[in-house]
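Have a look at the structure below before the remarks.
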């Protein structure tokens, strides 16, 4: 690989705090730079402008996309609920008639039209800056569509990194959305020099649908670099604290976990004075709220929402989350129970591994995720099995009472630097032997 090489990175989500699709690519930037790559990033307007790399933020061209991005921008700059509703309404009203027509004629994801400005800007940058590789990632499918068109036009190597399954077995989207997703996946499999999935099952199913992909299909754990939080160290306290960090949703909720916890409390009511379930990162969804109310002692569940900067210590909300992640007695990882979970690993897992605390993983038909948890010494149980979760909770309680929940001392093997090194190796392999221009345009 040359000492300095420019890559065009096409990512709808970039520098967006709290978004997994953004974290996966934003965290790679310093590692790419350290390895002689000059990244030029094209993203949506919804992410903060980067101060380190050349970063072009673009608005989509369709009413649905404009409405989505503009409302998100308002949310970033307006904190009050009333002010947000007023301003977002003012933004949406002029677009509403055109938005309704678009949803009737083209019922695709709101960001579908972002590929148009991304393609135009990308073509200019390739001609002007001499980009050698196109790297699309995300999130929004429009990034991959723009990259496909650019790779075909300029006959450049293309790395396509697919986060969530594009073609899902139980997706509730429209028929047009399904057909578009299948078409785009087929184009990725036909043209991408390196096509990356994060879960083995996802890649295997893509190959089944598109055998032409062959050995160009890869599986990669995106990982997370060790957070810069120092090491506080765990010490057993007066309560057994089980921490969940991240958003709850109808498809990823506390219902089954709290059913199991309720069973434990009914057998041993005295544990209500000991156990605490702490929630960080968002509100409580309706199913979780119902499950909390059904507990013998609902007050054992404490919701702290999204942590903000501490004025006394100067710690950011992120700092506070990471510190608490290291000091709870156990970490709860919720996977969900829908078909998409078979091809999805929560990005929160990689941060959890760095915390060195025991993890209770409620997983769903995902051998890849189960293997990661077991090989690193953690619990994994089916997300819908109340009895199995009850057993794990009893084991956790026994270990806590015996003061046997020390830090694991295991450093996570899943780092961003390792992921970047692997991608660079795959790109080198794809270049040797190089494709002919005719083959690359196929």
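The values are calculated or read from the model by the stated rules, or taken from the named source; none is laboratory data. On a predicted model such as this, the values are computed, not experimentally measured, just so you know. Quick reminder, even Gly has a Cβ in these numbers, built from the backbone with ideal geometry, and neighbours come from all protein chains shown.
Just a few scattered comments:
- Failed criterion for residue 354 (all others in (1) modelled with pLDDT of 95 or more; (2) touching a helix residue (DSSP H, G or I) at 6+ places or on another chain (Cβ under 9 Å) hold): (1)
- Just one of (1) in contact (Cβ under 8 Å) with a residue 40 or more places away in the chain; (2) under 20 Å from residue 12 (Cβ atoms); (3) within 22 Å of the chain's Cα centre (by Cα) fails for residue 191. It is (3).
- Some residue of the stretch 201-217 being in contact with a strand residue (DSSP E or B) (Cβ under 6 Å, 6 or more places away or on another chain), in contact (Cβ under 8 Å) with a residue 24 or more places away in the chain, under 26 Å from residue 9 (Cβ atoms) and not in a helix (DSSP H, G or I): yes
- Residues that are in a loop (DSSP other than H, G, I, E, B), farther than 27 Å from residue 89 by Cβ and out of contact with any helix residue (DSSP H, G or I) (no Cβ under 7 Å at 6 or more places or on another chain), drawn from the stretch 15-51: 36, 50, 51
- Selection status of residue 144, touching a helix residue (DSSP H, G or I) at 6+ places or on another chain (Cβ under 9 Å), within 24 Å of residue 16 (Cβ to Cβ) and in contact (Cβ under 8 Å) with a residue 12 or more places away in the chain: yes
- Residue match in the stretch 106-114 (condition: modelled with pLDDT of 90 or more and out of contact with any strand residue (DSSP E or B) (no Cβ under 9 Å at 6 or more places or on another chain)): yes
- Test: residue in the stretch 249-264 that is part of a strand (DSSP E or B), in contact with a strand residue (DSSP E or B) (Cβ under 7 Å, 6 or more places away or on another chain) and either modelled with pLDDT under 95 or outside the structural domain of residue 327 (by TED's automatic domain parsing) (or both): yes
- Check on residue 307, in contact with a strand residue (DSSP E or B) (Cβ under 7 Å, 6 or more places away or on another chain) and either over 20 Å from residue 389 (Cβ atoms) or in a helix (DSSP H, G or I) (or both): yes
- The sole residue among 52, 74, 41, 78 that is without any contact (Cβ under 8 Å) to a residue 60 or more places away in the chain, surrounded by 13 or more Cβ atoms within 10 Å (Cβ to Cβ) and assigned by TED's automatic domain parsing to the domain that holds residue 17 is 41.
- Unique match (being touching a strand residue (DSSP E or B) at 6+ places or on another chain (Cβ under 7 Å), surrounded by 15 or more Cβ atoms within 10 Å (Cβ to Cβ) and outside any loop (DSSP other than H, G, I, E, B)) among 119, 99, 84, 135: 135
- Of all residues in the stretch 55-71, those that are free of Cβ contacts under 8 Å to residues at least 40 places away in the same chain and either assigned to a strand (DSSP E or B) or under 22 Å from residue 416 (Cα atoms) (or both) total 1.
- For the stretch 380-396, the criterion of a residue being within 21 Å of the chain's Cα centre (by Cα) and under 21 Å from residue 236 (Cα atoms) is satisfied by no position.
- Residues that are in contact with a helix residue (DSSP H, G or I) (Cβ under 6 Å, 6 or more places away or on another chain) and over 23 Å from residue 46 (Cα atoms) within the stretch 166-177 comprise 167, 168, 169, 170, listed in sequence order.
- Scanning the stretch 122-132 for residues that are in a helix (DSSP H, G or I) and either free of Cβ contacts under 8 Å to residues at least 60 places away in the same chain or touching a helix residue (DSSP H, G or I) at 6+ places or on another chain (Cβ under 9 Å) (or both) gives 122, 123, 124, 126, 127, 128.
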